[in-house]
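Read the figures in this text as sums done on the coordinates, not as results from a lab. All values derive from a computational prediction rather than experimental measurement. Every residue, glycine as well, gets a Cβ built from its backbone with ideal geometry; the counts of neighbours run over all protein chains shown.
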Amino acid sequence: MVFFMSLNPRILAGFLFVSLVTVIEAEPLVGFDDETSKTQRRLEEQFDQNLSPVSQDEWLAEFSARPHHAGSSANRQVAARIEALFSAWGFDTSIVEYDILLPTPKTRALELVAPVHYTASLSEDSLPEDPSTAVRKDLLAPYNAFSKDGDVEGELVFINYGRPEDHRLLKRYGISLKGKIAIAKYGKSWRGIKPKLAAENGAIGTIIYSDPADDGYGAGDVYPVGPFKHASGVQRGSVMDMPTYPGDVLTPGRGATPGARRLKISDAPTITQIPVLPISYRDALPLLQAMGGATVPDEWVGGLPITYHLGPGPARVHLKLEFNWDRITIYNVVARLEGEKYPDEWVIRGNHYDGWNHGAADPLSGMVALLDEARSVARLASNGSRPARTIVYAAWDAEEPGLIGSTEWAEDNAKILKERAVAYLNTDGNSRGFLNIGGSHTLEKFFNQVSADVDDPQTGATLKARARAAITLFGSPEARKNIENRTDLRLSPLGSGSDYTPFLQHLGIASANLSFSGEGTGGSYHTLYDTYEHYTRFRDPKLAYGVALARVAGRATLRLANAPILPFEFASFVDNVALYIDEIVKLADTMRTQTSLANQQINEGLYKLALDPTKTLNAPDIEKEVPHFNFAPLQNSLLALQKAIAAAAPQPLKELNSDARRELNRLLYTSERRLTLEAGLTGRSWYKHHIYAPGFYTGYGVKTIPGVREAIETRDFDAVDKQIVIAAKVLEAMTIQVGKIASITGSPGRVD
Ligand SMILES: [Zn+2]
């Protein structure tokens, strides 16, 4: 209902009348009128009929038959097969190559040298129950890509998940990481943050292991009995400093074409400062068992049958890592279907195809849904329903080592993409359960409609109803409160972790990321056990949610491609931004009260009372008191934007000629660009978006209004007021854009 508040009463009355007589008919689609809505919905029914779980299952089996990491011959063959499929369906298909740096392991050695000796196996077991796990030469050994080379020896210190708060607590135990090797658990923060923070605190190496409490036997039966992590399973993954910039480490901000200017490897700032290696919990056990020192705080205890100690030592390890620092060619498959009416407006839809190993869940479960969708769209086109706008399907290479394929393509084509890209829709690994949508809030209303139009395969309820139920049943108190007073479900803001990042945060293209999750958990992520057998037994048997994903993403793609007026909408955007500003104001207030209280208690020597009396801890550091900030520029620009949005009709009040319509659509799809500033975020200029960014110290986790929020969180208080002014600027630019939109659509308050 809130959506219609800004409409002229005349139009509101008209709408109510229409809805009374056509009460059983669905509401018109955002961006379409009654007539074109009906045509579009009929098209979508045909689209659904072409989808095939059987094809998805066959492609999944075929592409996951062999390990296919970026740079491998198996991966090149997957690319060729995807290219052949797109071509056969009638897409104008090409393979776009880039020349990137990709380290692969040469030497990996980890030994416990004192007080007892143990040599870590660093390998994963073959399981007779799963033929895909058979020993093979082309398997990529467990490693963390973009760890630097190193040969280090030192005492172990246990750092829990390696987050900032974990380091703060270690300090209170009086434990320094200087000259030590940190052992961290996977989880709770993105893996690249763990060595980054450990190095900042003086560590000379980092080991990361998966604790069985998190996704091993502590969570459920382990593979092959159940889906959880086998004792030998190791999570591979990139530790490139992606919060600084993703993509090829040698060519920040430009496409990694053969002749591109390149940094020297030694100058690349996104390679880790210290060597880092992932291991299994089977290999971690002897190391942790040999540790002494204070026992860990209760919240740090994991699921191994030992008493966890913080160290340092007496466990001492020797870690030796060498990598092949090779330049390799990567292959993005890009398939175009030229739009009939607006060929220069592009809807881009992507998923990566490279895996760490067999990659059945990550990324192929999403890739096969994209292929199914693309085939159906192509069939509609060859039957005479060509999309109005151009649709570009992309199968990205080298996402796993650092979003490299998508980033290089986005950087290489930055100019044309800023002009023409309407939106970027991403999928990656899928599962089953509840639909998650993260994305630009100008598309929030749009995605609410899409998810209300697709049914859940298990319950038959709409995906939206099921997502709402998930929040009611399992959501945080705030999330639950949020849906009580709101028809629309909120989109999650996007941080990072998949290929939307270069489009959204570098180029300012409205983006979304879609997946199902919640009922197909397990511990196979980035291990040898992410196989076809695992996926079809435990995650999405018969690919029912693969089809649901194709329905959602395909509808979104087709609606964006065909909408006479693009379905961007600003009331939801500003409603979410208001929430973020509120959060940040409250964050500062809470920090101010807590800091001053804590400082007072430290000064009075009271700190021990709040802690476990059996442990002697140092007092926390006295923290800088939190000053009052001037949020007024941000709050005033928010108010101006709210007013501009209320004064603009969400749909044009008059018939538009084709030039006006074209200009209106251009203003709508370039609105997201207004949220970027060329200078980028302070200290990481690659990230241009000032509303959404991955956290500098959380990695994948989002920070909304990142300049302001992170200045407060990192206690860089002198920078806060300046950041507030910068953030206000993008809202002012958005206000101007909304004003230009209103000059075309008309203003409901004005009687012409
Ligand atoms: Zn992935």
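Give me the distance in nm between label points sitting 7 Å out from Cα along the Cα-to-Cβ direction at D582 and V135, one decimal.
For the pair D582/V135, the computed spacing is 6.1 nm.
How high is the relative contact order of region 571-745, in percent, counting Cα pairs under 8 Å that sit 6 or more residues apart?
28 percent
What ranking do 196-205, 36-45 get when scored by the average of other Cβ atoms within 10 Å per residue, highest first?
Ranking the peptides 196-205, 36-45 by packing returns 196-205, 36-45.
How far apart, in nm, are the 7 Å Cα→Cβ label points at E625 and N603?
0.8 nm
Using only the alpha-carbon atoms of region 56-97, report the extent along each of the three principal axes, biggest first, to the nearest angstrom.
28, 27, 9
Which three extents, in whole angstrom, do the alpha-carbon atoms of the chain cover along their principal axes, largest first?
So the three principal-axis extents are 84, 63, 53 Å.
Show me the three semi-axes of the equivalent ellipsoid for region 658-752, from the C-alpha gyration tensor (sqrt of 5 times each eigenvalue), largest first, rounded to whole Å.
Semi-axis lengths for region 658-752 are 33, 14, 10 Å.
Restricting to Cα atoms and excluding each atom paired with itself, what does the Kirkwood estimate give for region 571-745 in Å?
Evaluated on region 571-745, it is 18.7 Å.
How big is the Cα convex hull of region 497-565 in projection, averaged over all directions, in nm²?
In nm², the orientation-averaged hull projection of region 497-565 is 6.4.
Averaged over all directions, how much area does the convex hull of the C-alpha atoms of region 625-683 cover when projected, in nm²?
Answer in nm², one decimal: 6.7.
Using Cα centres only, tell me the gap between region 413-465 and region 290-356 in whole Å.
Cα centres, region 413-465 to region 290-356: 25 Å.
Run the paramagnetic zone check for E165: 7 angstrom along Cα to Cβ, then residues of region 283-325 with backbone nitrogen under 12 Å.
Correct set: 299-300.
Just to be sure I understand: if I project the alpha-carbon convex hull of region 103-325 onto a plane and average over all orientations, what area do I get in nm²?
In nm², the orientation-averaged hull projection of region 103-325 is 13.0.
Report the relative contact order of region 103-325, percent, no decimals, based on alpha-carbon pairs under 8 angstrom and at least 6 residues apart.
Answer for region 103-325 is 34 percent.
Each residue of region 26-40 in order: what ³J(HN,Hα) in whole Hz does its phi give by Karplus 6.51 cos²θ - 1.76 cosθ + 1.60, θ = phi - 60°, with x for Gly and Pro?
Each residue of region 26-40 in turn: 5, 5, x, 6, 4, x, 10, 9, 4, 5, 5, 4, 4, 4, 5 Hz.
By count of other Cβ within 10 Å, fewest leading, how are T593, T407 ordered?
T593, T407
Would you list K464, K643 from fewest to most Cβ contacts within 10 Å?
So the residues, fewest neighbours to most, are K643, K464.
Whole-Å semi-axes of region 83-126's equivalent ellipsoid, largest first, each the root of 5 times a Cα gyration tensor eigenvalue?
Values for region 83-126, descending: 47, 15, 5 Å.
What order do you get for 252-265, 425-438, 705-718 when each peptide is scored by the mean count of other beta carbon atoms within 10 Å, highest first?
My ranking of the peptides, most packed first, is 425-438, 705-718, 252-265.
When the distances between all Cα atoms of region 183-269 are binned every 10 Å from zero, what whole-number percent does each bin get?
Values per bin, smallest distances first: 15, 32, 26, 18, 7, 0.
Provide the per-residue ³J(HN,Hα) series for region 706-721, in order, calculated from phi with Karplus coefficients 6.51, -1.76, 1.60 and θ = phi - 60°, each as a whole number of Hz, with x at glycine and proline positions.
Calculated HN-Hα couplings, in order: x, x, 6, 4, 6, 4, 6, 4, 8, 6, 8, 5, 5, 8, 5, 4 Hz.
Taking θ = phi - 60°, what integer Hz values does the Karplus form 6.51 cos²θ - 1.76 cosθ + 1.60 yield along region 203-212, in sequence order, with x for Gly and Pro?
These are the phi-based 3J(HN,Hα) values: 5, 9, x, 9, 10, 10, 10, 9, 6, x Hz.
So what is the calculated 222 nm ellipticity per residue for the chain, using -39500 (n - 2.57) for each DSSP H run with n of 4 or more, over all residues, to the nearest 500 deg cm²/dmol?
-11000 deg cm²/dmol
Tally the DSSP beta bridges in region 103-325 and give the antiparallel ones as a percent, rounded to 5.
About 55 percent, rounded to the nearest 5.
Which whole-number percent gives the relative contact order of the chain, counting Cα pairs below 8 Å spaced six or more residues apart?
Relative contact order here is 17 percent.
Please report the net charge: other residues with Cβ closer than 14 Å to the Cβ of P627, K and R +1, D and E -1.
-2
Within the chain, what percent of beta bridges assigned by DSSP are antiparallel, to the nearest 5?
DSSP beta bridges in the chain are roughly 60 percent antiparallel.
Please give me the summed charge of the neighbours of K586: other residues whose Cβ is under 14 Å from its Cβ, Lys and Arg +1, Asp and Glu -1.
Combined, the nearby Lys, Arg, Asp and Glu give -3.
Volume per residue, Å³, of the convex hull around the alpha-carbon atoms of region 474-598?
For region 474-598, the hull spanned by Cα atoms encloses 206 Å³ per residue.
With Kirkwood's inverse mean 1/r over C-alpha pairs for Rh, give me the Rg to Rh ratio of region 253-397, two decimals please.
Radius of gyration over Kirkwood radius for region 253-397 works out to 1.18.
Which FRET efficiency, nearest 0.05, do D221 and D34 yield, Cβ-Cβ r, R0 56 Å?
0.60
Taking the Cα centre of the chain as origin, work out the dipole magnitude from +1 charges on Lys and Arg Cβ and -1 charges on Asp and Glu Cβ, in debye rounded to 20.
Magnitude of the dipole: close to 1020 debye.
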